[in-house]
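Encoded as structure tokens, the structure appears first; notes follow it.
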Amino acid sequence: MDDISASDRVVRNTAPNVNDRLTNELRGRLEHYRQPSEQIEARLSELNESGTKSGYSRPMHRPSHSPASH
């Protein structure tokens, strides 16, 4: 019996157009999260400001970018 990984088995048993769509969606998500952290921080600040203007006064939680110490 062939030693085929589960992911290979899924790809082989899924329609090519579905595999292509999923691959393109994944690439889009990866590109989005590759943005420099400054751009992400700027967008979070922009969202915080617009939330404050609309009456939402609690700041959004921003995770720390420093590595956790163990």
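Entry remark, region 3-37: residues being open to solvent by 100 Å² or more (accessible area, probe 1.4 Å) and touching a helix residue (DSSP H, G or I) at 6+ places or on another chain (Cβ under 8 Å) number 0 in total. Comparison of E46, E41 shows that the only residue that is surrounded by 10 or more Cβ atoms within 10 Å (Cβ to Cβ), of a type outside the set (A, V, I, L, M) and at pLDDT 90 or above is E46.
With respect to P67, determine if the residue is at pLDDT below 75 and surrounded by 11 or more Cβ atoms within 10 Å (Cβ to Cβ).
Working: at pLDDT below 75: yes; surrounded by 11 or more Cβ atoms within 10 Å (Cβ to Cβ): no.
Considered against the rule, which asks whether it is at pLDDT below 75 and surrounded by 11 or more Cβ atoms within 10 Å (Cβ to Cβ), P67 comes out as no.
The values are calculated or read from the model by the stated rules, or taken from the named source; none is laboratory data. Please read these numbers as outputs of a predicted model, since none were measured by experiment. Cβ coordinates were reconstructed from backbone atoms using ideal geometry, including for glycine residues, and neighbour counts include every protein chain displayed. For accessibility, only protein heavy atoms count, side chains too; no ligands or nucleic acids. Shrake-Rupley method; radii C 1.70, N 1.55, O 1.52, S 1.80 Å.
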